[in-house]
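This report refers to the structure that appears directly beneath it.
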Amino acid sequence: MYQPDSIYRINAVKRRIVSFGGGTKAALIYSYDKQGRLTDYGLTDNETGKRFQLKILYNYDSTGKINTDVEIDEDSSYNKHSIYNYNTSGQLVSKYTFDNAETLVEKDTVTYDPLNETETFFHADTIYRQQTAVYEDGYIFAYTRFYGYEYEDGKKETWKYEFKNYLDMKKRIVQRDNSLTKPSLIVEYSYAKNGLLIKRTERFTNPKIKQSRIQLISYEYW
C-alpha cells in the first residue's frame, strides 16, 4: 500500500487503480469510502482489465476497524473469509483465514516494537509455508527484512532478504534497495502534488540490464 489511509480521505479518493503495462490489461483496483477506508480490493483479468478474477470485501466494526473480510471468485462464489483480532490498545494482533469448509488455511500474527508480521499457511492442518516481514526503520509501509521457508515436494526451501528504505522530508518512501538481489534491485517512487503515489519503478544497478518494471497508479475521486 505504501501510504496511510488518511491520504485517501484528505484527497477524497474513491478508487485507486494500479496498472502494470507489458501487454497485460490486468489491474489491481482498490475502492475506498468517504472516510478513506478500504472497502474492497480486486485483481482484474488480463484480456479486458474489467472483469474481476477475485475480490476481497472488507467489513468494519463500530470503532472503524476491520473485523472481517470475504474473498469471492470471478463467478461470485464464496471462497475464503478472515476474522481480525485486536489488543486492548486497538492494535491488530492476529487474523485467521478459513476456506468455505471452515478449515483454517492461514494465520497472520502481528507484534510491535518493532513491527513484525508473520504469515503461516496450512494445508490439511500442516504448515507448508511461513514468512515474516520486519519493519525496523519506523516506516510501517515497507519492511526492511523478509524471511521464511516453504516445503515443496518434501524439500524445505528458505529465503532471507534485506532492504533499505529512503524517505523524503514528508516521511514518504522515495527509494527502496534490495542489495541481496544480484545485481542489486532499486525501486523508486514518484508522487503527485497532492501527495498521492502515482508511479513505482523497478530497475537494476547494473547498467547492462536495461529491463525495468513500472507500475502506474491512477485515481478516481468522490
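When ASN67 is tested against (1) of a type outside the set (Gly, Ala, Ser); (2) part of a strand (DSSP E or B); (3) closer than 20 Å to LYS199 by Cα, only condition (3) is not met. Return yes or no: is GLN35 open to solvent by 40 Å² or more (accessible area, probe 1.4 Å) and either under 28 Å from ASP125 (Cα atoms) or among the hydrophobic types (A, V, I, L, M, F, W, C) (or both)? Here the answer is no, as GLN35 does not meet what is asked. Which residue out of ASN59, ASN79 is under 20 Å from the mean Cα position of the chain (by Cα), open to solvent by 60 Å² or more (accessible area, probe 1.4 Å) and within 30 Å of GLU220 (Cα to Cα)? ASN59 is the lone residue from the list that is under 20 Å from the mean Cα position of the chain (by Cα), open to solvent by 60 Å² or more (accessible area, probe 1.4 Å) and within 30 Å of GLU220 (Cα to Cα). Screening the candidates THR158, THR120 for the property of being in a strand (DSSP E or B), in contact with a strand residue (DSSP E or B) (Cβ under 6 Å, 6 or more places away or on another chain), open to solvent by less than 70 Å² (accessible area, probe 1.4 Å) and over 21 Å from GLN3 (Cβ atoms) yields one hit, THR120.
Residues are listed down the side, and each one gets a yes or a no for (1) among the basic types (Lys, Arg); (2) more than 27 Å from ALA192 (Cα to Cα):
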{"position": "TYR149", "(1), (2)": "no, yes"}
{"position": "LYS156", "(1), (2)": "yes, yes"}
{"position": "LYS160", "(1), (2)": "yes, yes"}
{"position": "ARG172", "(1), (2)": "yes, no"}
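When residues in the range 17-61 are screened for being basic (Lys, Arg) and in contact (Cβ under 8 Å) with a residue 60 or more places away in the chain, 1 of them pass.
Quick one: is PHE146 within 18 Å of the chain's Cα centre (by Cα) and outside any strand (DSSP E or B)? Spelling it out, it is not the case that PHE146 is within 18 Å of the chain's Cα centre (by Cα) and outside any strand (DSSP E or B).
Consider the range 38-50 and keep the residues that are touching a strand residue (DSSP E or B) at 6+ places or on another chain (Cβ under 7 Å) and farther than 16 Å from ASN79 by Cβ. The one that is surrounded by the most Cβ atoms within 10 Å (Cβ to Cβ) is THR44.
Taking THR144 and the conditions (1) within 20 Å of ARG200 (Cβ to Cβ); (2) open to solvent by 40 Å² or more (accessible area, probe 1.4 Å); (3) among the polar types (S, T, N, Q), which numbered condition does it fall short on, given that it satisfies the others? For THR144, the failing item is (2).
The values are calculated or read from the model by the stated rules, or taken from the named source; none is laboratory data. This one's a predicted model, so the numbers in the text were calculated from it and none came from an experiment. Cβ coordinates were reconstructed from backbone atoms using ideal geometry, including for glycine residues, and neighbour counts include every protein chain displayed. Side chains are part of the model used for accessible areas, which takes the heavy atoms of the whole protein and leaves out ligands, DNA and RNA. Shrake-Rupley method; radii C 1.70, N 1.55, O 1.52, S 1.80 Å.
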